[in-house]
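Visitor: Starting off with a structure, shown below.
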Amino acid sequence: MQRSERLSRLRTRGDFLRVEGVLLVTREPPPPPPPTPGQPPFIASDPAEGVEILLAVWDDGTALGLNGHVDLGTGIRTALGQIVAEELDLAFEQVDMVLGDTGRAPNQGPTIASASIQISAVPLRQAAAQARAWLLAQAAERLQVPPGQLQVDAGRIKVAGDAARGVAYGELLRGRRVVLGLDPNTPVKPVAEHRVVGQSAPRVDIAAKAFGEAVFVHDVRLPGMLHGRVVRPPYAGADHGEFIGNTLDSVDERSIAHIPGIRAVVVIRDFVGVVAEREEQAEQACAQLAVRWKP
Amino acid sequence: MAPMVEDGIEITLDVNGAAQRLTVGRSATLLQVLRHDLRLNGPKYGCGLGQCGACTVHVDGVAARACVIPAAQVQGRRITTLEGLGDRARPHPVQGAFIQAQAAQCGYCLNGMIMTTAALLAREPQPSEQAVRDALAGNLCRCGTHVEILAAVVRATAELPCNAPSA
């Protein structure tokens, strides 16, 4: 499977566990952390989804990291790719990332609190270090040298001082499916040896944004998608008091009967919304819907 | 089911060099037609009030706010979106400069920043910093990337073919 094809074809955790020519590092979904005041609740994983896939190293020598957080412009797609490249001794360009995709990525809760690198990157970093250690042990066996004599450059394992002897990550994985459970005690690379992490790298997402290729959530289009607008109550900004949820007097749906494409007027206490087939119809309805609020 | 457009009128729009024949509602804005009918993701819906600049397109080469322009009023005008400005094979110098300068955080405002800058440099290839600030004053960036954006405009100015030092 081609590198780009994998990103589109492997949609679930199960899909990853069915392909060949791959080393996977997985973990059991951890229990949700205790609730924290002021923070959104953490939704526990569904056991039916199976083990979480943290990392895949493929038989073409590239790697795919998976992380539960999303890149909102903070650059974590780039930074997490650097972390994987660092621990696996791959070139940055050999690493892809899948972020926040609930079908594939591990459940790591909401993307908040500057936690992506300091907390949610930790198991990914460990997974990459563990994968490298496994690959080096395999290479040591094949090449009949102690693992300490091996060096890695861009996924190519070489015997120190003997440039002719070596093996690539991809060769070690051909025709195999290796699944390692995450060992959080795997030693990670000492900071003093970092060559990718700590270096400024161009963000991988900016070009697509500059050419209008990037799909923001606002750009998602689904078949039969409708458009909505919310008519706000008159107490914007205030957030407590008896009047909350009790201020709507009436909604006159006849006031928008002349607008085509209206599919619903939704009223739930003080929540008033209009749903229409086209955005301009929803906007017009939002502006013209006769809503009376209590004084 | 096709969206119902009871009050629809037929129009032809020239978008990125191609004629587009469409039936649109009288209240449809240019932005809504570009995004929903022509499925262009470059121009963004920001405020819907012509105040933030995220929806900026070029109409006959001039930066304009697509969210407050009725689509039916721009028939026969030349409309360019971010997609039509340049692509990876042939990037516009302003797109290249914004990428080089890493002038984005979330990037939602990037369309407006690039389109406004491209229109500015088309009419004023060597603007003063004050002229750049004035031109972009109506383009809001909530992430706060303004310093990088100004650096990107300086870079774009230097890279315009017309500003290249003569051989």
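The values are calculated or read from the model by the stated rules, or taken from the named source; none is laboratory data. All of these numbers come straight from a predicted model, not from anything done at the bench. Heads up, the Cβs are rebuilt from the backbone with ideal geometry, glycines too, and the neighbour counts pull from every protein chain shown. For the accessible areas, the whole protein counts, side chains as well, though only heavy atoms, and no ligand, DNA or RNA atoms are used. Shrake-Rupley method; radii C 1.70, N 1.55, O 1.52, S 1.80 Å.
Visitor: Quickly run through region B:129-167 and pick out the residues that are open to solvent by 60 Å² or more (accessible area, probe 1.4 Å), within 18 Å of the chain's Cα centre (by Cα) and within 15 Å of B:Ala119 (Cα to Cα).
Guide: Answer for region B:129-167, where residues must be open to solvent by 60 Å² or more (accessible area, probe 1.4 Å), within 18 Å of the chain's Cα centre (by Cα) and within 15 Å of B:Ala119 (Cα to Cα): B:Arg133, B:Asp134, B:Ala137.
Visitor: Can you tell me which residue among A:Ala85, A:Ala113 is open to solvent by 10 Å² or more (accessible area, probe 1.4 Å) and in contact (Cβ under 8 Å) with a residue 24 or more places away in the chain?
Guide: Result: A:Ala113 is the single residue among A:Ala85, A:Ala113 that is open to solvent by 10 Å² or more (accessible area, probe 1.4 Å) and in contact (Cβ under 8 Å) with a residue 24 or more places away in the chain.
Visitor: While we're looking at this one, here's another question. Please determine, by comparing only the residues of region B:82-97 that are touching a Gly at 6+ places or on another chain (Cβ under 7 Å) and facing chain A (nearest Cβ under 7 Å), which one is nearest to B:Asn111 (Cα to Cα).
Guide: Step by step, filter region B:82-97, then rank; the result is B:Leu82.
Visitor: How many residues are away from chain B (no Cβ under 14 Å), out of contact with any Phe, Trp or Tyr (no Cβ under 7 Å at 6 or more places or on another chain) and of a type outside the set (S, T, N, Q) if we restrict to region A:70-98?
Guide: 15
Visitor: Separate question: From A:Leu54, A:Leu17, A:Leu23, grab the single residue that is in contact (Cβ under 8 Å) with a residue 60 or more places away in the chain and in a helix (DSSP H, G or I).
Guide: On the way: A:Leu54 fails: in a helix (DSSP H, G or I); A:Leu23 fails: in a helix (DSSP H, G or I).
Checking each option against the conditions leaves just A:Leu17.
Visitor: On to the next question. Looking at (1) more than 7 Å from every other protein chain (Cβ to nearest Cβ); (2) open to solvent by 40 Å² or more (accessible area, probe 1.4 Å); (3) in contact (Cβ under 8 Å) with a residue 60 or more places away in the chain; (4) in contact with an Asp or Glu (Cβ under 9 Å, 6 or more places away or on another chain), which one does B:Gly17 not meet, given that it meets all the others?
Guide: Every condition holds for B:Gly17 apart from (4).
Visitor: Would you check which residues across region B:49-63 are in contact with a helix residue (DSSP H, G or I) (Cβ under 8 Å, 6 or more places away or on another chain) and open to solvent by 20 Å² or more (accessible area, probe 1.4 Å) and list them? Let's see the steps before the verdict.
Guide: Filtering region B:49-63 for residues in contact with a helix residue (DSSP H, G or I) (Cβ under 8 Å, 6 or more places away or on another chain) gives B:49-50, B:52-59, B:61-63.
Once the filter is applied, which keeps residues that are in contact with a helix residue (DSSP H, G or I) (Cβ under 8 Å, 6 or more places away or on another chain) and open to solvent by 20 Å² or more (accessible area, probe 1.4 Å), region B:49-63 yields B:Leu49, B:Gly50, B:Cys52, B:Gly61, B:Val62, B:Ala63.
Visitor: Something else: Given B:Ala63, B:Ala71, B:Ala54, which one is in contact with a strand residue (DSSP E or B) (Cβ under 8 Å, 6 or more places away or on another chain), hydrophobic (A, V, I, L, M, F, W, C) and closer than 23 Å to A:Phe211 by Cβ?
Guide: Answer to the selection: B:Ala63.
Visitor: Tell me the strands (runs of 3 or more DSSP E) entirely within region A:177-295 that contain at least 2 residues that are without any contact (Cβ under 8 Å) to a residue 24 or more places away in the chain.
Guide: Output list reads A:262-268.
Visitor: Is it the case that A:Gly170 is in contact (Cβ under 8 Å) with a residue 12 or more places away in the chain and either over 29 Å from A:Gly75 (Cα atoms) or part of a helix (DSSP H, G or I) (or both)?
Guide: On the way: in contact (Cβ under 8 Å) with a residue 12 or more places away in the chain: yes; either over 29 Å from A:Gly75 (Cα atoms) or part of a helix (DSSP H, G or I) (or both): yes.
For A:Gly170, the condition - in contact (Cβ under 8 Å) with a residue 12 or more places away in the chain and either over 29 Å from A:Gly75 (Cα atoms) or part of a helix (DSSP H, G or I) (or both) - is met.
Visitor: I would also like to ask the following. Report yes if some residue within region B:28-46 is of a type outside the set (Asp, Glu), more than 13 Å from chain A (Cβ to nearest Cβ) and free of Cβ contacts under 8 Å to residues at least 24 places away in the same chain; otherwise report no.
Guide: Checking region B:28-46: not a single residue is of a type outside the set (Asp, Glu), more than 13 Å from chain A (Cβ to nearest Cβ) and free of Cβ contacts under 8 Å to residues at least 24 places away in the same chain.
Visitor: Only one of B:Ile114, B:Ile79 is surrounded by 24 or more Cβ atoms within 10 Å (Cβ to Cβ) and farther than 29 Å from A:Gly75 by Cβ. Can you tell me which?
Guide: The match here is B:Ile79.
Visitor: Does A:Arg142 satisfy being open to solvent by 30 Å² or more (accessible area, probe 1.4 Å), free of Cβ contacts under 8 Å to residues at least 60 places away in the same chain and under 16 Å from A:Asp59 (Cβ atoms)?
Guide: yes
Visitor: Could you identify the single residue in A:Pro33, A:Pro47, A:Pro41 that is modelled with pLDDT under 95 and open to solvent by less than 80 Å² (accessible area, probe 1.4 Å)?
Guide: A:Pro33
Visitor: Next question, about the same structure. As an exercise: evaluate A:Glu93 against (1) within 20 Å of A:Ala129 (Cα to Cα); (2) surrounded by 18 or more Cβ atoms within 10 Å (Cβ to Cβ) and give the number of the one condition it does not meet.
Guide: A:Glu93 satisfies all of (1) within 20 Å of A:Ala129 (Cα to Cα); (2) surrounded by 18 or more Cβ atoms within 10 Å (Cβ to Cβ) except (2).
Visitor: Further question on the same structure: Exactly one of (1) closer than 30 Å to B:His36 by Cα; (2) open to solvent by 80 Å² or more (accessible area, probe 1.4 Å); (3) modelled with pLDDT under 95 is unmet by A:Pro260. Its number?
Guide: The number of the failed condition is (2).
Visitor: So, one more: Mind listing whichever residues of region B:71-101 are free of Cβ contacts under 8 Å to residues at least 24 places away in the same chain and β-branched (Val, Ile, Thr)?
Guide: B:Ile99
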